[in-house]
Amino acid sequence: MTSALTPADERQLLELMLHMAARKTPVEIVGGGSKRALGRPVGAEHRIALSGLSGIELYEPEELVLTAWAGTRLALIESALATHRQMLAFEPIDYGPLLGGAPGAATIGGVLAANLSGPRRPKAGAARDHFLGAEGVSGRAAAFKSGGRVVKNVTGFDLPKLLAGSWGTLAALWEVTLKVLPAPECAQSLLLFGLAPEAAVAAMNRALASVHMVSGAAHLPAGVAARCASLAGNGGAVTALRVEGPELSVRHRLSGLQTLLGAGLPGGESALLDDHESRALWSAIGDLAPLPVSPECELWRLSLPPASAPDVLAALAQRFACDWLLDQGGGLLWLCCAAGTPGEVVREALATCGGHATLWHASAERRAATPVFQPQPAALAALGRRVKHSFDPLGILNPGRLSPDT
């Protein structure tokens, strides 16, 4: 049985890591535990939960910067930012409920360690693009500090960019610093009805490349759209385009989008969602609420060139049935399919476009037996092992989380 340890400050965390390193004891690093079901199961007798390292240390709204303990709940940070009408622009998603856990358990350290971003990513960038600084301890039990509290900090190596997406395999963080941005005054959405995947992807990318500053672009086929409360009753496929900002600007840009895309719509079928409806829709899209995720199915996350999405969907439809959703202009494809769907079939469909597939939701047994993350080319995998060895030569941090040897 795994024993859980919860350090109350950075000194206790450092002492725990010194103890583990001295005994070469593998340890699982978690925040609130909301993403433990992502990635391969970790083989470790001890778990260090960073949820005890909680609280906002510094928040300067005028400077658009926030520093917090890594175990601080995401909801707490978003609440503090909301009081100053600011936000985490990369729109982090709480995947706890999707993965069978409780809502609100996500921590800011876990969000950054997994580099998780929401529908606004095409406009605002990924979580790593807002990660300014970090303090923590490596698998060598050596404390380190990198980055700072200003965007143009170029002293030394930009370790936060490396740590983002490392899934706790390189270091245990106790403090993180992020760039924050003003929250939009208004958010509205243009809905296009009845588009096939090819036409939807073309419309989304035309909108994203336009001057109208679209901050979200997603396509839901008819069956998936029917499960979304904001779209109930439409009866067909829905392509959603979000525009944010001052209300007058939003209205003007939506009008421009309608003019830009209207000629290509079948029958000119479209509608507008107001601020309340739009926020509900994009929250549902980010949380993957319209997909029928259950313990009996598996969820795949495919990152691919947007123009390739229709061909990939067509290739997969010939092999198995699934529910799906396109986000980020077609660059992110979510597949909800039967448990045991061969991973090689999913990845074969991406072979010609250079994308990669992650098994996002499956049983622990399945994740242990199947490559969860896209297998890397030999040279890139070797580089990853060298980076891992530099930070964690004993291999004690989240062993096996990414692959059997990392």
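Normalised by the residues of the stretch 104-208, what does the relative contact order come to in percent, with Cα pairs under 8 Å and at least six apart? Each step should come with its number before you reach the end.
Values: 125 pairs, mean separation 30.0, N = 105.
After rounding, I find 29 percent.
For a label point 7 angstrom out from the Cα of Ala102 toward its Cβ, which stretches of the stretch 49-68 have the backbone nitrogen within less than 15 Å?
Only 51-52 fall inside the zone, counting backbone N under 15 Å.
Specify whether the C-alpha gyration tensor of the stretch 1-102 places it in the rounded, prolate or oblate class, a ≥ b ≥ c being the square roots of the eigenvalues: rounded for a/c under 1.5, otherwise prolate if a/b is larger than b/c and oblate if not.
It comes out oblate by the Cα gyration axes.
Restricting attention to the chain, give the cysteines that have no other cysteine Cβ less than 4.7 angstrom from their Cβ.
Cys186, Cys228, Cys297, Cys336, Cys353
Extension gain Glu348-Val211, at 0.36 nm per residue separation less the Cα-Cα distance, in nm?
Working: separation 137, 0.36 × 137 = 49.32 nm, distance 3.61 nm.
Extending this stretch completely gives an extra 45.7 nm.
Of Val42, Trp69, Gly96, whose Cα points farthest to the positive end of the dipole of the stretch 1-131 (charges on the beta-carbon: +1 Lys, Arg; -1 Asp, Glu; origin at the Cα centre)?
With unit charges placed on the Cβ atoms, the residue in question is Val42.
Need one number: % antiparallel among DSSP beta bridges in the stretch 1-144, to the nearest 5.
The antiparallel fraction comes to roughly 50 percent.
Classify the stretch 259-368: rounded, prolate or oblate, from the alpha-carbon gyration tensor (a ≥ b ≥ c, eigenvalue square roots; a/c under 1.5 rounded; otherwise prolate if a/b is larger than b/c)? Don't skip to the answer; put the middle values down first.
On the way: a/c = 2.42, a/b = 1.48, b/c = 1.63.
Judged from the Cα gyration tensor, the stretch 259-368 comes out oblate (a/c at least 1.5, b/c at or above a/b).
Determine the gain in length on full extension of the stretch Glu365-Ala317; use 0.36 nm per residue of separation and subtract their C-alpha separation, reporting nm with one decimal.
Details: separation 48, 0.36 × 48 = 17.28 nm, distance 2.60 nm.
That pair, Glu365 and Ala317, stretches by 14.7 nm at full extension.
Rounded, prolate or oblate: which fits the stretch 1-61, taking a ≥ b ≥ c as square roots of the Cα gyration tensor eigenvalues, rounded meaning a/c under 1.5, else prolate when a/b beats b/c? Could you put the intermediate results ahead of the total?
On the way: a/c = 2.61, a/b = 1.37, b/c = 1.91.
Oblate, because a/c is 1.5 or more while a/b does not exceed b/c.
So, in Å, what gap is there between the alpha-carbon centers of the stretch 101-143 and the stretch 350-389?
19 Å
Determine the share of the chain's accessible area contributed by carbon and sulfur atoms, expressed in whole percent, with a 1.4 angstrom probe. Numbers along the way, then the final one.
Numbers: 9490 of 17090 Å².
Roughly 56 percent of what the probe reaches on the chain is carbon or sulfur.
Between Ala271 and His356, what is the label-point separation in nm under the 7 Å Cα-to-beta-carbon projection?
Computed distance between label sites His356 and Ala271 equals 3.9 nm.
At 0.36 nm per residue, and after removing the present C-alpha to C-alpha distance, how many nm does the segment from Ala280 to His19 gain when stretched out fully?
Details: separation 261, 0.36 × 261 = 93.96 nm, distance 4.68 nm.
Extra length available between Ala280 and His19 comes to 89.3 nm.
Before I look further, what does the chain give for accessible area per residue, probe 1.4 Å, in whole square angstrom?
Details: 17090 Å² over 406 residues.
Ligands and nucleic acids excluded, the result is 42 Å² per residue.
Percent relative contact order of the chain, based on C-alpha pairs within less than 8 angstrom and at least six residues apart? Numbers along the way, then the final one.
Working: 877 pairs, mean separation 75.2, N = 406.
It rounds to 19 percent for the chain.
Report D for the chain in µm² per second (integer): Stokes-Einstein, Kirkwood Rh on Cα pairs, 10 °C, 1.306 mPa s. Walk me through the numbers on the way to the answer.
Details: Rh = 22.1 Å.
Diffusion coefficient, whole number: 72 µm²/s.
Give, rounded to the nearest 20 debye, the magnitude of the charge dipole that the chain has about its Cα centre when Lys and Arg contribute +1 at Cβ and Asp and Glu contribute -1 at Cβ.
On the way: 34 positive and 35 negative charges, 188 e Å.
For the chain, the charge dipole is close to 900 debye.
The values are calculated or read from the model by the stated rules, or taken from the named source; none is laboratory data. Everything quoted here is computed from the prediction, not taken from an experiment. When we count neighbours, we look across all protein chains shown, and the Cβ atoms used for this are built from the backbone with ideal geometry, even at glycine. Just so you know, the surface numbers come from the protein's heavy atoms only, side chains and all, with ligands and any DNA or RNA stripped out. Shrake-Rupley method; radii C 1.70, N 1.55, O 1.52, S 1.80 Å.
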